[in-house]
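The values are calculated or read from the model by the stated rules, or taken from the named source; none is laboratory data. No experiment lies behind these values; they were computed from the predicted model shown. FYI the Cβ positions are ideal-geometry reconstructions off the backbone, even for glycines, and counts take in every protein chain you see. Heads up: the accessible areas ignore ligands, DNA and RNA and are worked out on the full protein's heavy atoms, side chains in. Shrake-Rupley method; radii C 1.70, N 1.55, O 1.52, S 1.80 Å.
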Amino acid sequence: MNEQIAAMTTARIVNNRNPHIAVLALALLETLVQQCGYAFHLQIATKEFLNELVRRFLERPPPFPGTVMSKILELIHTWKDTICSESRWKEDLGNIRNMHRLLTFKGYRFRELPRTQPAVASTSNLKSAEELEEEDREAQAAKLQELIRRGTPRDLAALAQHTRS
């Protein structure tokens, strides 16, 4: 639940009219994605969060996007290329790919940036079986909490199916 509050609060601050505050909020968001695990990644992959993040985007992109818009586009592109393709739970992060696809369709451009630092804390370190099991338990708990929080019939059916297995 704290991950949801942190993600949504940060997204709201990103939409601040003062671009300096918005840029600082984007830097915070980038750090949270890098340092926090699956539970936070699950929150940034919700439609609610992504729609809030791009709330001030126009239907057609401006010829020269501002600093805030450029940084948001960079983050979405980075998340698509990293956590959506490298995460063990990438199937749960499909809304990020969908948002990237939607923005591309609307004409927004994503610049290819050289990777100077990992977008997410490396999960490829060697881990013991116990550490992997603990990571899986934490991820499952986060996913179950999110399904319960949303509470749509589809989510509750997925929850019932998940608890049976």
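Summary table
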read-out: All positions within the range 17-30 that are closer than 18 Å to Leu73 by Cβ and either in a loop (DSSP other than H, G, I, E, B) or not acidic (Asp, Glu) (or both); value: Pro19, Ala22, Val23, Leu24, Ala25, Leu26, Ala27, Leu28, Leu29
read-out: Any hit, the range 85-92, residues being of a type in the set (Ser, Thr, Tyr) and open to solvent by 70 Å² or more (accessible area, probe 1.4 Å); value: no
read-out: Residue in the range 37-46 that is buried (at least 20 other Cβ atoms within 10 Å of the Cβ), in a helix (DSSP H, G or I) and without any contact (Cβ under 8 Å) to a residue 40 or more places away in the chain present; value: yes
read-out: Residue in the range 50-59 that is within 29 Å of Glu134 (Cβ to Cβ) and open to solvent by 40 Å² or more (accessible area, probe 1.4 Å) present; value: no
read-out: Hey, Ala27 at pLDDT 95 or above, more than 12 Å from the chain's Cα centre (by Cα) and open to solvent by less than 40 Å² (accessible area, probe 1.4 Å) or not; value: no
read-out: The range 1-16: number of residues that are surrounded by 17 or more Cβ atoms within 10 Å (Cβ to Cβ) and assigned to a loop (DSSP other than H, G, I, E, B); value: 0
read-out: Which listed residue is assigned to a loop (DSSP other than H, G, I, E, B), without any contact (Cβ under 8 Å) to a residue 24 or more places away in the chain and hydrophobic (A, V, I, L, M, F, W, C), from Phe64, Phe105, Phe57; value: Phe64
